[in-house]
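Data first, discussion second: the structure below is written as structure tokens.
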Amino acid sequence: MKQEKLDELSDHMFQPANTDVLENEQIAGESTGFWKDAWRRLKKNPGAITGLIIILIIILMSIIGPGMNEYSYSQQDLSRAKLPAKVPVLENIEFLGLNGVDIRGTDQYEAKGVDEYFWFGTDGFGRDQWTRVWQGTRISLFIAAAAAFIDFVIGVAYGGISAYYGGRVDNILQRIIEVLVGIPNLILIILFILIFEPGIFSIILALSVTGWVGMSRIVRGQVLKLKTQEFVLASRTLGATSGRVIGKHLIPNVLGQIIITTMFTIPSAIFFEAFLSFIGLGIRPPEASLGSIINDGFKSLQIYPHLVLWPSIIISLIMIAFNLLGDGLRDAFDPKLRK
């Protein structure tokens, strides 16, 4: 049977392939590096992209929001105090609650003879809430970004040096961390705020006292795993200095975990800053942060809920967006978590 099938084959059934030797050296597909591959996986995560868009919108509004009307964040006018939100056009859609009517059904704009529109209402001193909320968002984001940057610098350097040199250096540096961790974080923060007057600088410094510990431990663990691998040994053999090995070989390979940790550090810092401002240890008036605005509005929450509503929505969106983005980055940087 097999012989019969072979006899049926003829030369005209086969044609020589026209191949070019140069084509063998061409790359058929697009080369994909680590960062491009991570971005490709991140784009497939709708939650992470949604979080990224929300973060970009909030950052943009914190920049341009305070200048979108003629009111200053510190401009007071008691004749228009505690007005509800009122927005042109949207005031005609009753269920949105943006028509200047309070929870008792009274049109406060008409009652107080106010002709202007205040998109987020006004606070107890008649200051425009729209301007104050976005000004407070700007300050909260700045404090969180500055604290996260300091945590990044100190934590990466501390953890990298501790793991790379090991031995006595590692023991001494880790004992220092244990002492810092053993002291309640809130006590340290309150102490720094009492030594330095409450303000942006003191809050950033307070958040940075022990905030870098988590970053240093993550970097230390990753560097301990990488420092015995072949590419590090090869670099040492070729005469690379310790600083070059750490900066050019070890830290870049830990950069994914560092970025993910930073993404989770920023919302934690924003929440802690809001907490400090809420208990009266944060930004001093007339400056505003999201926490201080919520603290001011909390005193009259039942009667004027709009004083707490808008900053609470903004801080909630920030927390959710950064966590969504952090989860997406974790999946993007770790191929083992790829679905």
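The values are calculated or read from the model by the stated rules, or taken from the named source; none is laboratory data. Note that the structure is predicted; figures quoted are calculated from it, not measured. Please note: Cβ atoms are built from the backbone with ideal geometry, for glycine as well, and neighbour counts cover all protein chains shown. With ligands, DNA and RNA removed, areas are computed over all heavy atoms of the protein, side chains included. Shrake-Rupley method; radii C 1.70, N 1.55, O 1.52, S 1.80 Å.
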TODO: Round to the nearest 10 and give me the degree value, 0 to 90, for the angle of helix 129-165's Cα axis relative to the longest principal axis of the chain.
DONE: 40
Task: Distance in nm between pseudo-label sites at LEU233 and ALA81 (7 Å out along the Cβ direction from Cα) - done: 7.5
Open item on the list: Just want the answer: with Cβ charges of +1 for Lys and Arg and -1 for Asp and Glu, which residue in MET263, SER235, LEU224 is farthest toward the dipole's positive end in the stretch 211-292?
Closed with: SER235
TODO: Compute the distance in nm between two label points, each set 7 Å from the Cα along the Cα-to-Cβ direction, one at SER74 and one at ILE59.
DONE: 2.8
TODO: Determine the share of the stretch 196-288's accessible area contributed by carbon and sulfur atoms, expressed in whole percent, with a 1.4 angstrom probe.
DONE: 64
Open item on the list: Can you give me the distance in nm between label points at LYS36 and ILE172, each placed 7 Å from the Cα along the Cα-to-Cβ direction?
Closed with: 4.6
Task: Calculated FRET efficiency for the pair GLN15/MET319, C-beta based, R₀ 56 Å, to 0.05 - done: 0.30
Task: Label assignment, Rg and Dmax of the Cα atoms in Å derived from the structure, set (1) 20.4, 64; (2) 19.5, 60; (3) 29.2, 106 - done: (3)
- [ ] Quick one: dipole size for the chain, taken about the Cα centre, charges +1 on Lys/Arg Cβ and -1 on Asp/Glu Cβ, in debye to the nearest 20.
- [x] 1340
TODO: Under a 10 Å cutoff between Cα atoms, tell me which one of MET263, MET68, MET319 has the largest fluctuation in the Gaussian network model of the chain.
DONE: MET68
Open item on the list: I'm checking a number: the convex hull volume of the Cα atoms of the stretch 266-339, normalised per residue, in Å³. What is it?
Closed with: 98
Open item on the list: Given a Förster distance of 56 Å, report the FRET efficiency between ALA240 and ARG104 from their Cβ-Cβ distance, rounded to the nearest 0.05.
Closed with: 0.15
- [ ] Please give the helix 255-278 orientation as an angle from the longest Cα principal axis of the chain, in degrees from 0 to 90, rounded to the nearest 10.
- [x] 10
- [ ] For the chain, with a Gaussian network of springs between Cα atoms less than 10 Å apart, report the residue from SER216, SER312, SER292 with the top mean-square fluctuation.
- [x] SER312
Open item on the list: Run the helix sum for the chain: -39,500 (n - 2.57) per DSSP H stretch of 4+ residues, divided by residue count, reported at 222 nm to the nearest 500 deg cm²/dmol.
Closed with: -20000 deg cm²/dmol
TODO: Could you quote the convex hull projected area for the stretch 202-339, Cα atoms only and averaged over all directions, in nm²?
DONE: 11.5
Task: Solvent-accessible area per residue for the stretch 145-294 (1.4 angstrom probe, square angstrom) - done: 48
Task: Share of carbon and sulfur in the accessible heavy-atom surface of the stretch 55-128 [1.4 Å probe, %] - done: 59
TODO: Please list the radius of gyration and Dmax for the stretch 223-275, considering alpha-carbon atoms only, with Å as the unit.
DONE: 16.0, 52
Task: Label-reachable residues, the stretch 204-235, where backbone N falls under 13 Å from a point 7 Å from ASN185's Cα toward its Cβ - done: 206-216
TODO: Skip the ligands, DNA and RNA, and give the accessible area per residue of the stretch 29-129 with a 1.4 Å probe, whole Å².
DONE: 58
Open item on the list: Test of understanding: given the chain, find the longest segment containing no GluC sites (Glu not before Pro) that are in a DSSP loop and have at most 12 other Cβ atoms within 10 Å.
Closed with: 71-339
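Kirkwood Rh over alpha-carbon pairs of the stretch 74-225, then Stokes-Einstein at 25 °C and 0.890 mPa s: what D in µm² s⁻¹, rounded to an integer?
My calculation gives 127 µm²/s for D.
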Open item on the list: For the stretch 77-153, I need the span (max minus min coordinate) of the C-alpha atoms along each principal axis, in Å, sorted largest to smallest.
Closed with: 54, 28, 20
